[in-house]
Amino acid sequence: MPRPARRAARTTALLALALLLAGGAAAGCGGRATTHHKPGTTHEQASGSAGTLLTADDGAGHRLREVPADDAPKVRLAARPDSEDGWNLQLTVENFRFTPDSTGGAALLGAGHAHLELDGRKVARLYGPWYHLPAAQVPEGTHTLTVRLYADDHTAWAVAGKPVEATAPLTAAGGVPGGGHAHDATPSPQLPPQPSEQAADRTVTVTVRDGKVSPAPARTEVKRGERVALRVTSDRGDTLHVHGYDKELVLPAGQEATLVLTADRTGLFEVETHESGLVLTQLLVR
């Protein structure tokens, strides 16, 4: 074969090999796209390069993520008395959406969740615009509610070095906070009202002491539609969270608290604590 023909053939072969290698890198094993991040997330979600991470924090250890004012999330807070008990809180947001399914992932501009504080004490993590605050969680007197917006990676969105937040005054007086009806027995101010377990199909009892969960975390299998009671006693104040159901419960230190939910969604859902980050159990709903 003449030299020019051999050179052209070699060039064609090298080009074919390069295209083959490029296709393999894109497809990965089994023809599926390769990723270097959590399945189900995009490369942008994995990088989380939104804004500028500051050294300052929100006062609770969550670092601030600075973004320009024009693109920054905004939030307003309104508290309305509930006719039966406590208050209904409404968060009105702009340039922001609640993303409970990607909590723990990388920061994306305009996405995340919120924290609710009462007089600087965290009450709950919010995954939507509405939250019911029971009267039993608010001692008598005048208080300040604060909501603050966070990215999925738990950094706090900030503008000009200050967290994106909103406040609202709240007054609980006369033993009937929020305009609710008086009852014969008034619960402890720090203890959420305990739902009845009589209607529960299954009860899971967990104790947290010295950072250890007893019994050891395992899967609890339930049928779709069953009601599950989660009874938790923690030696430190914390918040219980059921992933996928967006259910939360304040855990007062040393006191048993119970959350009853209807397992109306199938799948595997973790039950964990916010502050200590412990997995208490996994609900496997079939």
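No value in this document is a laboratory result; all are computed from the given coordinates. Quick caveat, the model's predicted, so the values are computed rather than measured. Here the Cβ is made from the backbone with ideal geometry for all residues, glycine too, and neighbour counts use every protein chain on show.
Ordered by the number of other Cβ atoms lying within 10 Å of each residue's own Cβ, fewest first, Trp87, Trp157, Trp130 fall into the sequence Trp130, Trp87, Trp157. Dividing the mean sequence gap of close Cα pairs (under 8 Å, 6+ apart) by how many residues the range 202-285 holds gives a relative contact order of 33 percent. From the P(r) of the range 44-179, could you give the percentage of C-alpha pairs in the tail past 18 Å? Roughly 53 percent, rounded to a whole number. Under 19 Å from the 7 Å Cα→Cβ point of Lys212, by amide nitrogen: which residues of the range 252-280? Residues 254, 273, 276-280 qualify, since their backbone N sits under 19 Å from the label point.
Here the residues Leu284, Leu268, Leu116, ranked from fewest to most Cβ neighbours within 10 Å of their Cβ, fall in the order Leu268, Leu284, Leu116.
Under the combined filter of DSSP loop state and at most 13 neighbouring Cβ atoms within 10 Å, the range 44-102 retains these GluC sites (Glu not before Pro): Glu84. Using alpha carbons only, the radius of gyration of the range 199-286 set against its Kirkwood radius gives Rg/Rh = 0.94. Take the Cα of Lys223, step 7 Å toward its Cβ, do the same at Ala168, and the gap between the two points is 4.1 nm. A Förster distance of 30 Å, applied to the separation of the beta-carbon atoms of Arg63 and Asp246, puts the FRET efficiency at 0.75.
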